[in-house]
1. Which members of segment B:41-54 meet the condition of being in contact (Cβ under 8 Å) with a residue 24 or more places away in the chain and either away from every other protein chain (no Cβ under 14 Å) or of a type in the set (Gly, Ala, Ser) (or both)?
2. Please go through segment B:64-98 and give me each residue that is farther than 30 Å from A:Lys41 by Cα and in contact with an Asp or Glu (Cβ under 6 Å, 6 or more places away or on another chain), ordered by number.
3. For segment B:24-54, name all the residues that are open to solvent by 70 Å² or more (accessible area, probe 1.4 Å), modelled with pLDDT of 95 or more and not basic (Lys, Arg).
4. What number of residues within segment B:60-97 are within 13 Å of chain A (Cβ to nearest Cβ) and out of contact with any His (no Cβ under 8 Å at 6 or more places or on another chain)?
5. Can you name the residue in segment A:34-67 that is away from chain B (no Cβ under 12 Å) and either of a type in the set (A, V, I, L, M) or over 14 Å from the mean Cα position of the chain (by Cα) (or both) and, of all such residues, is nearest to A:Glu79 (Cα to Cα)?
6. Just give me the residues in segment B:1-23 being modelled with pLDDT of 95 or more and among the aliphatic types (A, V, I, L, M), in sequence order.
7. Which one of the conditions (1) at pLDDT 95 or above; (2) assigned to a loop (DSSP other than H, G, I, E, B) does B:Ala74 fail to meet, given that it meets all the rest?
8. Here are some conditions: (1) surrounded by fewer than 17 Cβ atoms within 10 Å (Cβ to Cβ); (2) within 14 Å of chain A (Cβ to nearest Cβ); (3) within 24 Å of B:Val98 (Cβ to Cβ); (4) touching a strand residue (DSSP E or B) at 6+ places or on another chain (Cβ under 9 Å). B:Gln14 meets all but one. Which one does it not meet?
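The values are calculated or read from the model by the stated rules, or taken from the named source; none is laboratory data. Every value quoted in this text rests on a predicted model; they were computed, and no experiment measured them. Cβ coordinates were reconstructed from backbone atoms using ideal geometry, including for glycine residues, and neighbour counts include every protein chain displayed. To get the accessible areas, we keep the full protein, side chains included, count just its heavy atoms, and leave off ligands, DNA and RNA. Shrake-Rupley method; radii C 1.70, N 1.55, O 1.52, S 1.80 Å.
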Amino acid sequence: MPPKPKLYTLSTCMHCRNCKEFLKENNVEFEYVDVDKTFGKEREELIEEVKRYNKDLSFPTIIIGDKIIVGFKKEELKEALGL
Amino acid sequence: MTAEELYEFLKKVQEPKGYFFNPDRKMTLQILEGLLLNKERYGYMSCPCRLAAEDLDWDKDIICPCLYREPDVAEYGSCYCGLYGSQEWSQGKIPQQVVPERRPVEKRLKTG
């Protein structure tokens with residue numbers, strides 16, 4: 001079974017929302033953090049975390065094991081998740 | 001202002017300029033709700049798909065419609081967040097695709 005995806009998202013972003021919906025529709029359990037809803041030190045740490053995976057600091061940034069997917073790219077997600 | 005009101009207002013202003021809303025009305029309204037939320041949070045309607053720095057001067061380029069809308073619509077058919085596109089895109093005549101971030105990387109690194 002593929003590892004549980006971790007998503008860095010923005011609560012207001014359509015692509016982030018569509019990505020979460022896509023995972024739910026496919027019964028994929030995932031964890032996520034809406035970076036825009038964080039403040040201060042927590043936000044700073046999250047930004048550094050996202051940048052380690054995606055220097056462009058764009059959303060959604062999706063981590064599945066050692067795979068990093070930037071943006072809601074359905075085909076790449078399907079492949080990484082074996083869907 | 002509600003998202004519906006913003007929809008009607010912007011439609012009238014933007015369509016004559018050649019920018020048309022996402023054909024999925026529900027998604028469009030959700031994006032507009034994001035803009036209204038950003039206005040409430042930051043005082044300006046920054047792009048809902050970008051992390052705002054909470055600094056008006058810094059974020060001037062991503063206040064909707066952002067500085068990158070024109071080249072993105074010309075190249076990909078739609079803007080980065082998917083709110084606006086060309087008429088063909090809006091009518092489903094060209095496929096929706098993932099628009100890469102055009103905002104210069106140094107502009108994205110301010111943590112706010």
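1. Hits for segment B:41-54 are B:Ala52, B:Ala53.
2. B:Cys79, B:Ile94
3. Those that are open to solvent by 70 Å² or more (accessible area, probe 1.4 Å), modelled with pLDDT of 95 or more and not basic (Lys, Arg): B:Glu33, B:Glu40.
4. Qualifying residue count for the region: 13.
5. Per the stated criteria, the residue is A:Ile64.
6. Going residue by residue through segment B:1-23, those that are modelled with pLDDT of 95 or more are B:2-23.
Within segment B:1-23, B:Ala3, B:Leu6, B:Leu10, B:Val13 meet the criteria.
7. Status for B:Ala74: all satisfied but (2).
8. Here B:Gln14 meets the rest and fails (2).
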